[in-house]
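Chemist: Handing you a structure now.
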Amino acid sequence: MKSSPQRPNLPAERPSPGRSVSASRTEMIEVVLPQDANPLGYILGGRVMHLIDIAGAIAMHRHCHSPAVTASVDHVDFRNPIRVGELIILESQVNRAFHTSAEVGVEVFSENYLNGERKHTTSAFLTFVAIDENRQPRPVPPLLVKTAEERRRYREAGERRKVRLAAGAKRRR
Ligand SMILES: CC(C)(COP(=O)(O)OP(=O)(O)OC[C@H]1O[C@@H](n2cnc3c(N)ncnc32)[C@H](O)[C@@H]1OP(=O)(O)O)[C@@H](O)C(=O)NCCC(=O)NCCS
């Protein structure tokens, strides 16, 4: 493959026509172990946030085929505890690509493998920024949305971005 004169070790940049949501979709599963839990036997919130960041980053990397950093995490609610011995399941996908950033949605579920009971415990929205070899933001491929659900997520991600950026600007004032 031809290399770029400015980036001799990397392949030449080609504009991407875009990637589907399914290209970024990721499922991560772990069993909750005692070292991840509080004295009540529930997984620690910090451990869940760590896993959310990883599941989100994998979806971002699958979409943009580039290193990326976490720019922000919207608020996270913990609706149901996940107990030691249960499975924690994280599903992530890119909801919308902007210019150098993209919003990734992560949903977290618990599953009791003895009876198959599955509960939704947490939802989170993260913004990742793709970065180049100089650690500067670089453009991400467009997201191709096909289904009604993907279009809904895409539209809502645009609304959340407005709120997020306005809140960021307010904090910096
Ligand atoms: C995220 C980071 C790359 C942004 O760099 P920057 O010089 O501020 O870049 P810009 O202002 O040009 O913004 C780049 C993109 O990030 C978005 N962005 C920046 N800060 C953001 C925030 N707090 N929330 C959401 N999006 C944000 C911008 O909207 C822009 O998106 P767009 O190109 O799609 O419109 C930089 O702040 C950084 O490196 N932060 C540290 C990241 C980190 O260490 N994360 C934890 C470990 S991975």
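Chemist: Tell me which residues, restricted to region 142-173, are touching a residue at least 60 places away in the same chain (Cβ under 8 Å) and within 9 Å of the ligand (Cβ to nearest atom).
Modeler: Result: 161, 164, 168.
Chemist: Kindly provide the set of residues from region 21-65 that are closer than 29 Å to residue 148 by Cβ, among the hydroxyl-bearing types (Ser, Thr, Tyr) and buried (at least 16 other Cβ atoms within 10 Å of the Cβ), ordered by number.
Modeler: Answer for region 21-65, where residues must be closer than 29 Å to residue 148 by Cβ, among the hydroxyl-bearing types (Ser, Thr, Tyr) and buried (at least 16 other Cβ atoms within 10 Å of the Cβ): 24, 26.
Chemist: For region 101-141: of the residues being within 15 Å of the ligand (Cβ to nearest atom), under 24 Å from residue 75 (Cβ atoms) and of a type in the set (S, T, N, Q), which is surrounded by the fewest Cβ atoms within 10 Å (Cβ to Cβ)?
Modeler: Once the filter is applied, the top-ranked residue is 101.
Chemist: Residue 35 - would you say it is of a type in the set (S, T, N, Q), over 28 Å from residue 160 (Cα atoms) and at pLDDT below 95?
Modeler: no
Chemist: Would you mention how many residues in region 120-155 are in a strand (DSSP E or B) and under 15 Å from the mean Cα position of the chain (by Cα)?
Modeler: 10
Chemist: Name the residue that is farthest from residue 154 (Cα to Cα), counting only residues in region 68-100 that are within 14 Å of the ligand (Cβ to nearest atom) and buried (at least 21 other Cβ atoms within 10 Å of the Cβ).
Modeler: 68
Chemist: Additional query: Collect the residues in region 156-173 that are exposed (fewer than 12 other Cβ atoms within 10 Å of the Cβ), of a type outside the set (Gly, Ala, Ser) and in a helix (DSSP H, G or I), keeping them in residue-number order.
Modeler: 159, 162, 163, 170, 171, 172 - these are the residues of region 156-173 that are exposed (fewer than 12 other Cβ atoms within 10 Å of the Cβ), of a type outside the set (Gly, Ala, Ser) and in a helix (DSSP H, G or I).
Chemist: How many residues are under 22 Å from residue 34 (Cα atoms), within 13 Å of the ligand (Cβ to nearest atom) and either without any contact (Cβ under 8 Å) to a residue 24 or more places away in the chain or in contact with a Cys (Cβ under 9 Å, 6 or more places away or on another chain) (or both) when one looks only at region 44-67?
Modeler: Of the residues in that region, 1 qualify.
Chemist: Next question. Looking only at region 93-103, decide whether some residue is in a strand (DSSP E or B), of a type outside the set (Val, Ile, Thr) and more than 18 Å from residue 142 (Cα to Cα).
Modeler: So far as region 93-103 goes, no, none of its residues is in a strand (DSSP E or B), of a type outside the set (Val, Ile, Thr) and more than 18 Å from residue 142 (Cα to Cα).
Chemist: Please verify whether region 55-63 includes one or more residues that are over 13 Å from the mean Cα position of the chain (by Cα) and modelled with pLDDT of 95 or more.
Modeler: To start, the set of residues in region 55-63 that are over 13 Å from the mean Cα position of the chain (by Cα) comprises none.
No; the residues of region 55-63 include none that is over 13 Å from the mean Cα position of the chain (by Cα) and modelled with pLDDT of 95 or more.
Chemist: Which residues, taken from region 1-20, are more than 27 Å from residue 74 (Cα to Cα), surrounded by 12 or more Cβ atoms within 10 Å (Cβ to Cβ) and either modelled with pLDDT of 95 or more or of a type in the set (A, V, I, L, M, F, W, C) (or both)?
Modeler: Taking region 1-20 and keeping what is more than 27 Å from residue 74 (Cα to Cα), we get 1-17.
Of the ones still in play, those that are also surrounded by 12 or more Cβ atoms within 10 Å (Cβ to Cβ) are 7, 10, 13, 16.
Passing the criteria: only 10.
The values are calculated or read from the model by the stated rules, or taken from the named source; none is laboratory data. Treat the numbers as computed from the prediction; the structure is a model and nothing was measured. Cβ sites come from the backbone with ideal geometry, for glycine too, and all protein chains shown count toward neighbours.
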